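What follows is a single structure, written as structure tokens, with notes after it.
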Amino acid sequence: MSSLMWYLLFATLITSGMVSANESSTLHMKVSFCNITGVWRNELGSTIRLKAEGSEVRGVYQTAVESTHGAAGLHRTAHIIGIAGNGTQPTISFSVLWEKGSCSAWVGQCFILRDGAQVLKTFWMLRSVADNLAGDWGSTRLGEDLFFQDLNFK
């Protein structure tokens, strides 16, 4: 391979955003795309098990927190249904319906970190059931989650 071709290959890798100049020698260890399929844990200990097929996402959410005791149901789990975009760092949206009638939705994106780790950065909305219109004002909560892929989960 000519030195011009090596230079072009190196320049392409450096400017692609996938690796920096200091990381180019460890390219073989880098992740080239976010794989949404897998087990993910957030900073509060909640777990999501996702399977992406095409743009469809399904799975199970097990929450470690509740807005009120028992709000998520006896086992604190709910089925996930969602969608994911294409690309190396796809966007994702998924929702769950909790046993007691509340629903939650997340929207975010999968990112590849410098060390090759993958994270889902999401914003969420929780809608609790209101008894009436007057009680509606406090029934919606917003927040953000950072899910880390759990590579040790079996």
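Worth pointing out:
- Region 41-69-region 103-136 distance, computed between alpha-carbon centres (Å): 10 Å
- Within region 52-117, trypsin sites (Lys or Arg not before Pro) in DSSP loop having at most 11 other beta-carbon neighbours inside 10 Å: 114
- Positive minus negative residues near residue 37 (Lys, Arg vs Asp, Glu; Cβ under 12 Å): +1
- Taking label points 7 Å from Cα along the Cα-to-Cβ direction, residue 131 and residue 35 give a separation of 5.0 nm.
- Region 86-154 - accessible surface per residue (Å², probe 1.4 Å): 64 Å²
- Charge context of residue 106, other residues only, Cβ under 15 angstrom, K/R +1, D/E -1: +3
- Magnitude of the charge dipole, region 78-154, Cβ model with Lys/Arg +1 and Asp/Glu -1, debye to 20: 140 debye
- Amide H within-cut-off set for residue 145, under 5 Å, with H built and near neighbours excluded: 122, 123, 124
The values are calculated or read from the model by the stated rules, or taken from the named source; none is laboratory data. Here the structure is a predicted model, which is why all the values come from computation and not from measurement. Backbone-built Cβ (ideal geometry, glycine too); neighbour counts: all protein chains shown. For accessibility, only protein heavy atoms count, side chains too; no ligands or nucleic acids. Shrake-Rupley method; radii C 1.70, N 1.55, O 1.52, S 1.80 Å.
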